[in-house]
Structure formats: structure tokens, C-alpha cells
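The values are calculated or read from the model by the stated rules, or taken from the named source; none is laboratory data. Only a predicted model underlies this, so the values are computations on that prediction, with no experimental measurement involved. All Cβ positions, glycine included, derive from the backbone under ideal geometry; neighbour counts span all protein chains shown. Only protein heavy atoms, including side chains, enter the accessible area calculation; ligands, DNA and RNA are left aside. Shrake-Rupley method; radii C 1.70, N 1.55, O 1.52, S 1.80 Å.
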There are 2 protein chains.
Amino acid sequence: MAQFMDVHHGFEGITPDQLRQAHDADLAVEKEEGVHFERSWADPDSGTIYCLSEAPSADAVQRVHERAGHRADEIHEVPLVV
Amino acid sequence: MAQFMDVHHGFEGITPDQLRQAHDADLAVEKEEGVHFERSWADPDSGTIYCLSEAPSADAVQRVHERAGHRADEIHEVPLVV
């Protein structure tokens, strides 16, 4: 398992409820892909969302996001953390 | 105080020691700007670094990074967290 940071664009004006619903949609299917979404941060002004996850691969992260209806624009493995 | 996610590009091949040194350089001056850098994640393959901080403004975040020698390429306030 590794850690990944993924980025979504185009979510200008996202509300707390919408972020929660999107995160819950990920959590609902993540186990089937061996992924766990730990935390997400959103900037409604620029429409940017960052998601931190533990997963077996970037493809697995993307599969969860696709099944939840919100494909990521970028996914980076982040093996270094301080 | 608000939470911010900032992004640095161009750090291809960054090592754990280099990330630690960069983070320590931020920590050494952050108090003077009222900022606290909570965590940083790096992807050495793409050269991307993400930094999560608490700060009074994006400008304060940038001032710390500039003083530490590594200006951020993007800084987003992230008022929404799940």
C-alpha cells in the first residue's frame, strides 16, 4: 500500500454538503478496490479538490473515483511525507 | 486562521532528507508570519510537493516559503475538509 494525492478541478462553488456526499460516494465503494480515502480538502473559489488516500495503485484510486462519478484530473503517488 | 494547500513543481528526484530540510526551513521562520506547516507530501517522479498549513492568509504562506528559499507555484485556501 502507498499514499496518493489526487486533484480534481472544476468544482467551483462546491458546498460542505456536496464535498461530504462526494467523499461518502468514494467510501461506499473503496473497499472493493483496496483503497482508503483518508481526507479531502476543497477550495470552492478555484474549484480545486485534493484527496489523500492509501491504495495499491493510482489506477485503483481512479477506479474508485470513476465509480463514484468524479474522475480525478491528476493522481500522484506521494511516498515522501513529513 | 484558515487552512491552505500549496503546491510546488520542479522537485523531480527529491529525497526524504531534502524534503525534511525544506520543511525544517519553513518551520524555522513560520512563527514570525503566524503560519504553521502541518504536513508535506512529495512525489519525486513528477517533482510535485503538496504542503498543508494553517495561516492567516495565502500571502503569509508564500512569505514563509520565500524566506525558506522555495516559493510555491499555487496556494489555495481549503475551507472545506472531510
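Here are the numbers:
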{"quantity": "Checklist (1) hydrophobic (A, V, I, L, M, F, W, C); (2) in contact (Cβ under 8 Å) with a residue 60 or more places away in the chain; (3) in contact with a helix residue (DSSP H, G or I) (Cβ under 6 Å, 6 or more places away or on another chain) applied to B:Val29, failing item", "calculated": "(2)"}
{"quantity": "Single condition B:Gly10 does not satisfy, out of (1) of a type outside the set (Phe, Trp, Tyr); (2) assigned to a loop (DSSP other than H, G, I, E, B); (3) within 25 Å of A:Glu38 (Cβ to Cβ)", "calculated": "(3)"}
{"quantity": "Given (1) within 24 Å of B:Asp43 (Cα to Cα); (2) of a type outside the set (D, E, K, R); (3) open to solvent by less than 20 Å² (accessible area, probe 1.4 Å), index of the condition A:Leu19 fails", "calculated": "(1)"}
{"quantity": "Extreme residue, farthest from the other protein chains (Cβ to nearest Cβ), among residues of the stretch B:41-58 that are touching a Gly at 6+ places or on another chain (Cβ under 8 Å) and closer than 22 Å to B:Thr15 by Cβ", "calculated": "B:Gly47"}
{"quantity": "Residues that are open to solvent by 10 Å² or more (accessible area, probe 1.4 Å), under 17 Å from B:Glu77 (Cβ atoms) and not hydrophobic (A, V, I, L, M, F, W, C), drawn from the stretch B:41-59", "calculated": "B:Glu54, B:Pro56, B:Ser57, B:Asp59"}
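Here's the yes/no breakdown for (1) at the interface with another protein chain (Cβ under 10 Å from one of its Cβ atoms); (2) touching a strand residue (DSSP E or B) at 6+ places or on another chain (Cβ under 8 Å); (3) open to solvent by 40 Å² or more (accessible area, probe 1.4 Å); (4) assigned to a strand (DSSP E or B):
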{"position": "B:Asp6", "(1), (2), (3), (4)": "no, yes, no, yes"}
{"position": "B:Ile14", "(1), (2), (3), (4)": "yes, yes, no, no"}
{"position": "B:Ala25", "(1), (2), (3), (4)": "no, no, no, no"}
{"position": "B:Lys31", "(1), (2), (3), (4)": "no, no, yes, no"}
{"position": "B:Arg39", "(1), (2), (3), (4)": "yes, yes, yes, yes"}
{"position": "B:Gln62", "(1), (2), (3), (4)": "no, yes, no, no"}
{"position": "B:Glu66", "(1), (2), (3), (4)": "no, no, yes, no"}
{"position": "B:Ala72", "(1), (2), (3), (4)": "no, yes, no, no"}
